[in-house]
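*Asks:* This is the structure, below, for whatever I ask next.
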Amino acid sequence: MHADDFDLEEDLEYGSADGVNSFRNNRMLIFNAKSMGLLRQQLIDTLGVEEARKTLFRSGYQSGYADYLSIEKNYDFESPEELLKAGPRIHTDKGIVGVETDEIEYDRENGEFYFSGTWHNSFEAQQHIIHNGEANDPVCWNLIGYASSWCSGFAQTPVLAMEHQCAGMGADVCKWEVKPIDEWDEKAEPYIRAIMDFFKGEKLMEYYSYIEEQEGLEGKIQLAKETNLPETKASTAVDSKENIKMFRQAIEDILGERPPKL
């Protein structure tokens, strides 16, 4: 399939259980943008801009990486590039931002990656202006987290998205580019540190994705209880032999059979 063939609405199941909407065993929530804007502002007022930016970036990163694992395993795209372009399509379908892609260049074997484009109607930029007025620096922190993780999953190496133009600063649209972390300057350091934290537990996150495919949300909850490493903590835990062994044993206890090596 092509990225343009992806239809979130087609696979989104409303009322899969009482009070539950799901997409490929992922529970999906619908929030009013104003409420998310207020929560975002509360983080800024309570934690300060630096910590709020880190928190929102990590939230977006978690969302994008979970989406990538789910889409990559559940859909058959005509080419790797179509899989890559599905990320912007999902971001658009969710009502987060309208995405227009531009330049795409990559060589996964040699760790080369470049992706650029434009964001239209960023909810994050709009909410920032509502609460703070125009900013001096880019403010779509959640969006760049999502783009960074989706592209990192695809590139099979950590890459980072950054804005060089942002509607939150008064521009008509946001302009972004994604490239390997070692190609960015010092402005990217806070985001790079956050990314490297996530990649500590990459293998453990794959096991979370596996149990979700088999048992849905209840399986993930059981795995969190069995290992005492809920998903967010697992993403920053070390992929040690001990942790992997613990996860595999927990999954065997839940499913009654040994999981495949991931």
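The values are calculated or read from the model by the stated rules, or taken from the named source; none is laboratory data. On a predicted model such as this, the values are computed, not experimentally measured, just so you know. Cβ placement follows ideal geometry from the backbone for every residue including glycine, while neighbour counts extend to all protein chains displayed. Keep in mind that these areas ignore ligands, DNA and RNA; they rest on the heavy atoms of the full protein, side chains included. Shrake-Rupley method; radii C 1.70, N 1.55, O 1.52, S 1.80 Å.
*Asks:* At 10 °C and 1.306 mPa s, what whole-number value in µm²/s does Stokes-Einstein give for the translational diffusion of segment 219-262, with Rh from the Kirkwood sum over Cα pairs?
*Replies:* Values: Rh = 10.6 Å.
Rounded, D is 150 µm²/s.
*Asks:* Tilt of helix 141-155 relative to the longest C-alpha principal axis of the chain, in degrees (0 to 90, nearest 10)?
*Replies:* Roughly 50 degrees, rounded to the nearest 10.
*Asks:* Quick check: pseudo-label points 7 Å beyond the Cα along Cα→Cβ at Thr46 and Glu213, how many nm apart are they?
*Replies:* Placing both labels 7 Å along Cα→Cβ, they lie 3.6 nm apart.
*Asks:* Using a 1.4 Å probe, what is the accessible area per residue for the chain, in Å²? Kindly include the intermediate steps, with their values, before the conclusion.
*Replies:* On the way: 13560 Å² over 262 residues.
Value for the chain: 52 Å² per residue.
*Asks:* Still on this model: Using alpha carbons only, how many degrees (0 to 90, rounded to 10) separate the axis of helix 189-198 from the longest principal axis of the chain?
*Replies:* The two axes meet at around 10 degrees.
*Asks:* Still on this structure, please answer the following. Given a 1.4 Å probe and heavy atoms of the protein chains only, how would you sort Ile244, Ile211, largest accessible area at the top? Write out the running numbers ahead of the final one.
*Replies:* On the way: Ile244 40, Ile211 0 Å².
Ranked list, largest accessible area first: Ile244, Ile211.
*Asks:* With equal scatterers on the alpha carbons only and no solvent term, can you work out the Debye log10 of I(q)/I(0) for the chain at 0.08, 0.15 1/Å?
*Replies:* Those come out to -0.32, -1.19, one per q.
*Asks:* Also: At a threshold of 8 angstrom on Cα-Cα distance, excluding pairs fewer than six apart, so keeping six or more, what relative contact order does the chain reach in percent?
*Replies:* On the way: 407 pairs, mean separation 43.9, N = 262.
The normalised contact order for the chain reaches 17 percent.
*Asks:* Just reorder Glu82, Glu112 by solvent-accessible area, largest first, 1.4 Å probe, all chains present. If you can, show how the numbers build up before the last one.
*Replies:* Values: Glu82 25, Glu112 105 Å².
Of Glu82, Glu112, the descending order of accessible area is Glu112, Glu82.
*Asks:* What angle, in degrees between 0 and 90 and rounded to the nearest 10, separates the Cα long axis of helix 202-227 from the longest principal axis of the Cα atoms of the chain?
*Replies:* Once rounded, one gets 70 degrees.
*Asks:* Still on this structure: Using all C-alpha to C-alpha distances in segment 146-201, build P(r) with 10 Å bins and read off the rounded percent in each one.
*Replies:* Percent of pairs per bin, in order: 24, 51, 23, 3.
*Asks:* What is the projected area of the convex hull of the Cα atoms of segment 117-262, averaged over all directions, in nm²?
*Replies:* Numbers: hull surface 41.2 nm².
The number I arrive at for segment 117-262 is 10.3 nm².
*Asks:* Amide H of Val139: which non-local residues (sequence gap of 5 or more, or other chain) have their own amide H closer than 5 Å, using H built in the peptide plane?
*Replies:* Gly168
*Asks:* To continue, here is another question. Loop only per DSSP, at most 14 neighbouring Cβ atoms within 10 Å: give me the GluC sites (Glu not before Pro) in segment 158-262, ordered by residue number.
*Replies:* On the way: sites: Glu163, Glu177, Glu183, Glu186, Glu202, Glu206, Glu212, Glu213, Glu215, Glu218, Glu226, Glu231, Glu242, Glu252, Glu257; in loops: Glu257.
Qualifying residues, ordered by number: Glu257.
*Asks:* At 1.4 Å probe size, put Val159, Val173 in order of accessible surface, largest to smallest. Don't skip to the end; give the middle numbers.
*Replies:* Values: Val159 0, Val173 30 Å².
The most accessible residue leads, giving Val173, Val159.
*Asks:* Once ligands and nucleic acids are excluded and a 1.4 Å probe is used, how much of Arg258 is accessible, expressed in Å² to the nearest 10?
*Replies:* About 120 Å², ignoring ligands and nucleic acids.
*Asks:* Compute and list, largest first, the equivalent-ellipsoid semi-axes of segment 19-63 from the alpha carbon gyration tensor, each √(5λ) rounded to a whole angstrom. Before the final figure, lay out the partial values.
*Replies:* Details: eigenvalues 124, 37, 7 Å².
Gyration-tensor ellipsoid for segment 19-63: 25, 14, 6 Å.
*Asks:* Hey, what's the per residue convex hull volume over the C-alpha atoms of segment 1-151, in cubic angstrom?
*Replies:* Values: hull volume 19.1 nm³, N = 151.
Here the figure is 127 Å³ per residue.
*Asks:* What do the square roots of 5 times the Cα gyration tensor eigenvalues come to for segment 81-185, in whole Å, largest first, as semi-axes of the equivalent ellipsoid? If you can, show how the numbers build up before the last one.
*Replies:* Numbers: eigenvalues 118, 42, 21 Å².
Value: 24, 15, 10 Å, ordered largest first.
*Asks:* Given Cβ point charges of +1 (Lys, Arg) and -1 (Asp, Glu) and nothing else, what value in debye, to the nearest 20, does the dipole of segment 1-154 about its Cα centre take?
*Replies:* Details: 12 positive and 28 negative charges, 186 e Å.
Taking the Cα centre of segment 1-154 as origin, the dipole is about 900 debye.
*Asks:* Mind counting lysine pairs for me in segment 1-95? Cα separation below 21 Å, and the two need to be 8 or more apart along the chain or on different chains.
*Replies:* Details: Lys34/Lys54; Lys34/Lys94; Lys73/Lys85; Lys73/Lys94; Lys85/Lys94.
Qualifying lysine pairs in segment 1-95: 5.
*Asks:* Follow-up. What figure, in Å² to the nearest 10, do you get for the accessible area of Trp150 with a 1.4 Å probe and non-protein molecules left out?
*Replies:* Looks like 10 Å² after rounding.
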